[in-house]
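Working notes for the structure below.
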C-alpha cells in the first residue's frame, strides 16, 4: 500500500528496520532497497517465538471450551468472530457464565467510575464489562473500544469478544486466542482466512513479559459439533442412527474448514506482499502544496513516484495516464494554476491561493463536489442541505444504517397499504420498490453526467446519494435519538464514523467562499453531535488537521494556536448557537439527562437533571411545552456579549406556544485557559422569566 511504498521509494538516505511476523517472501523488496540506496540489506528470519504457542482444535460447544480454558487459567481469552452481530449475540449468551470473583468485579467497578455509558448501547457495553468481558469491533463507539483496550491492558478482563480488528495492530495482553471459525466474508465471497490474517490474529496470544506460553484454539464448525454430540448420544444403536437427521452446513456465509485446514494455516508461510500503488487528487494537491521547485515539484514528483513504484510496466503506464487526467481535472476545476516562470522559460504549478490552507481532496469524487456546489445558488434556503446531500453522495454507503432506513420506510408503508386494503401482490410490488431516502438524487446525477462528459474516466467512480446526516439535521436529532429511532444500538460506531466523514468533507472540501451562514450552522450542528457522542474522533482529527501529534487518549491534548475557535467569529458564534439548540431541544422533549450532558458543568454549582426540571417548573405552570422548530433556532434568539478577555455572557430566549418570549436561559463562556474547550462551552447561570 501507499503508506509503505512512499517512504521506501523516497527516503534514500534513511536506514529502514522492517519488522513483522507475517511478511512472506521479502527478497524482491530487499533487492529494490539495495538498488535504491546503494546499501546492503540484511534479512533476518526466525520461526521461534519468544513466547511459544500451543495449538488445539476443539469439537466441544463453545461454552464448554471457555469454561475449560478458565478452569486451566488460560484467560484472558480473545474470542474471534468476523461479524459485529455475532460478537453481540455471543456476549449476550455468555452473561450466564460467571468467570470473575466478587473482588475482581469490584476492581472493574472502581475503574469504571467517571466513565460515560450514555449512548443507547452503552448500558449493554457496561453490563458486559462489569461481568469481566469486553466487546471490541468497529460498530462500537471509539471511546468504548479504547476503554476495553485500557481495561485489558490492566488485566481486568477475562474475555474479549471481537472481530479481527483487535487482532491487527492493537497491543493488549492476551493468553489465548480462540477462533470461532476460519472463514470470513471479504465483501465479495466467503472464503478461508489467508495465512497472513490467521498468523496476525493468532500471534496476539502469549505476550512477552506476561506469559510463558500462548494458546491458539480453533472451534470446529457448529453443525459438526452438534452432529458429533447427536451421534454420541445414539451410540451404536443402528436403528436410531438411521432415523437421526444430521444438521447440514450453512448454505450462505460459510466455507468449510476442519482440522487439516487449521494445520495448513499453522504450518504455511505467509503469502507474498503485493504492490497496491495508486494515485489520486489528494496526493497531487499535497505534492503541489509542498512547494518544491524544479522538475521534482508536484506533478513531476508524482510521475517519478509512479516510475519508481513496485508495480509492473503495464500498471505504471495506466497510472501515468490517470495522473495526467487528474492534473487536467484539477486545472479545469481551478484548484491548480499554471504561471510562466520569470524569464519566460517553462511554467510553475501552484494550488489556487483563494482556497483555504487546509483544502483537501479525500475522495476521487471530491472535484465533483467542488464543481457541483459551485453550481448551486448560495442564496437559496436549501443551499446548506443541498450541499450536505452532495457531501454524503461522495462517501461510501453505511449499509447497516441504510438498511434500517429502508426497513423502517417499508414497515410504515406496509401498515398504510394494509389499512387501505391493497391486495397482497400489489402491496409486495410497491414495497419492493421502496429504498432508503435519496433527496436531490435526480439533480445530483444530472450535474454529475454534465461533469463526467468532459471527464470520461470519472464514470468509474460511484456516486451514492443518501440521507443520513441530512435526515438527522432536518429533524435536528441528537445522536442518541437517531440511534433509538432506527434501532442502531449495535452499530453506533458506524453512524458516528459516517457523521465524522461528512463533517470532515464539509469542513475541508467545500471552498471557504461557499460556506454561507446557513452551511456554517449545519457544520456546527454536526460537530456538536459528534462531540456529544464521542469527542475522541473530533479531537484527534482536528489535531491531525493542524499538524499536531496524536497523543495517548489519557494525556491532555493541547490544541494548536491555529485551532483557536474564537479566531473565526462566525464559526464560534455558530458553535455556541448549535450547543444551545441541542440544549433547548432536549428540554423541549423533557429529556433532562440529555440536557445535563449538553451543559458545561461547574463542580461548585452543577446543573443536574433535577435542577433543570425544577428551574422550569414555573415555566410549565404558564405553558404546556417549550417550542423547538426551525423558527425556534433563529439567530436572533441567541445573544452573545463579551464580558472580558475570552469571556462571554450568552442569553437564549425560549420560544413558548403563545409567542410571549418572556423566559430565557442565561449562561457564561470562559475560555481564558483554553483554545478549544473539551466538551460543552456554555455553563448555565440561570433559567427564569
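Nothing in this text is a laboratory measurement; each read-out follows from the coordinates by a stated rule. This one's a predicted model, so the numbers in the text were calculated from it and none came from an experiment. Heads up, the Cβs are rebuilt from the backbone with ideal geometry, glycines too, and the neighbour counts pull from every protein chain shown.
On a C-alpha basis, how far is the centre of segment 185-209 from the centre of segment 387-408 in Å? Whole number, if you could?
Comparing the Cα centres of segment 185-209 and segment 387-408, I get a distance of 30 Å.
Where does segment 190-271 land on the Kirkwood hydrodynamic radius, alpha-carbon pairs, in angstrom? Walk me through the numbers before you get to the answer.
Working: mean 1/r = 0.0640 Å⁻¹.
Result for segment 190-271, one decimal place: 15.6 Å.
By counting other Cβ atoms within 10 Å of each Cβ, how are 605, 534, 670 ranked from fewest to most? Each step should come with its number before you reach the end.
Working: 605 10, 534 23, 670 16.
Ranking 605, 534, 670 by Cβ neighbours within 10 Å, fewest first, gives 605, 670, 534.
Helix-only estimate, please: 222 nm mean residue ellipticity of the chain, summing -39500 (n - 2.57) across DSSP H runs of length 4 or more and dividing by its residues, to the nearest 500.
Numbers: 28 runs with 309 residues, N = 689.
Rounded to the nearest 500, it is -13500 deg cm²/dmol.
Modelled label-to-label distance, residue 113 and residue 642, 7 Å Cα→beta-carbon offset: nm?
4.3
Suppose the chain between residue 328 and residue 415 were pulled fully straight at 0.36 nm per residue; how much longer would it get relative to their current alpha carbon spacing? Before the final figure, lay out the partial values.
Values: separation 87, 0.36 × 87 = 31.32 nm, distance 5.26 nm.
Length difference between fully extended and current span is 26.1 nm.
Where does each of 258, 237, 211 land when they are ranked from fewest to most other beta-carbon atoms within 10 angstrom? Could the numbers behind the result be given before it?
Values: 258 14, 237 11, 211 18.
Fewest-to-most Cβ neighbours within 10 Å comes out as 237, 258, 211.
Residue separation times 0.36 nm, minus the C-alpha to C-alpha distance between residue 286 and residue 264: what's the value?
Full extension of this stretch gives 3.5 nm more.
Taking other Cβ within 10 Å of each residue's Cβ, how do 183, 218 sort, fewest first? Intermediate results must be reported in sequence, preceding the final value.
Details: 183 18, 218 26.
In order of increasing Cβ crowding within 10 Å: 183, 218.
Run through all the Cα pairs of the chain and give the fraction in each 20 Å bin from 0, expressed as whole percent.
Per 20 Å bin, starting at 0, the Cα pair percentages come out as 14, 41, 36, 8, 0.
Among DSSP beta bridges lying fully in the chain, give the percent that are antiparallel, nearest 5. Numbers along the way, then the final one.
Details: 27 of 50 bridges.
Roughly 55 percent of the DSSP beta bridges within the chain come out antiparallel.
Dividing the alpha-carbon radius of gyration of segment 372-557 by 2.2 N^0.38 Å (N being the number of residues), what value is obtained?
Relative to the rule-of-thumb radius for its length, segment 372-557 sits at 1.18.
Using the beta-carbon distance between residue 379 and residue 452 and R0 = 25 Å, what value does 1/(1 + (r/R0)^6) give for FRET efficiency, to the nearest 0.05? Intermediate results must be reported in sequence, preceding the final value.
On the way: r = 27 Å, r/R0 = 1.10.
For R0 = 25 Å, the calculated efficiency reads 0.35.
Kirkwood Rh, Cα Rg: Rg to Rh for segment 1-110? Numbers along the way, then the final one.
On the way: Rg = 22.7 Å, Rh = 19.2 Å.
My calculation puts Rg/Rh at 1.18.
Could you work out the percent of alpha carbon pairs in segment 81-155 separated by over 16 Å, rounded to a whole number?
Tail of the P(r) past 16 Å holds 47 percent of the pairs.
Taking Cα pairs under 8 Å and at least six residues apart, what relative contact order does the chain come out at, in percent? Provide the component values of the computation, followed by the final result.
Values: 924 pairs, mean separation 73.3, N = 689.
About 11 percent, as a whole number.
Could you tell me the distance between the Cα centroids of segment 1-74 and segment 572-594, to the nearest Å?
With segment 1-74 and segment 572-594 each reduced to a Cα centre, they are spaced 49 Å.
Starting with the highest mean, order 386-398, 654-666 by the number of other Cβ atoms within 10 Å, averaged over the residues of each peptide.
On the way: 386-398: 22.9, 654-666: 15.6.
Top of the packing list down: 386-398, 654-666.
Label 7 Å along Cα→Cβ of residue 272; segment 25-46 residues with amide nitrogen under 12 Å?
Hits in segment 25-46 for residue 272 at 12 Å: 25-30.
Using 0.36 nm times the number of residues separating residue 238 and residue 318, minus their current alpha carbon distance, what extension gain do you get?
22.2 nm
Please label the shape of segment 53-267 as rounded, prolate or oblate, based on the square roots a ≥ b ≥ c of the eigenvalues of the alpha-carbon gyration tensor (a/c under 1.5 means rounded; beyond that, a/b larger than b/c means prolate, else oblate). Before the final figure, lay out the partial values.
Details: a/c = 1.72, a/b = 1.57, b/c = 1.09.
Here segment 53-267 falls in the prolate category.
Which of rounded, prolate, oblate describes segment 417-522, given a ≥ b ≥ c as roots of the alpha-carbon gyration tensor eigenvalues and a/c under 1.5 marking rounded, otherwise prolate only if a/b is larger than b/c?
On the way: a/c = 2.23, a/b = 1.28, b/c = 1.74.
Oblate, because a/c is 1.5 or more while a/b does not exceed b/c.
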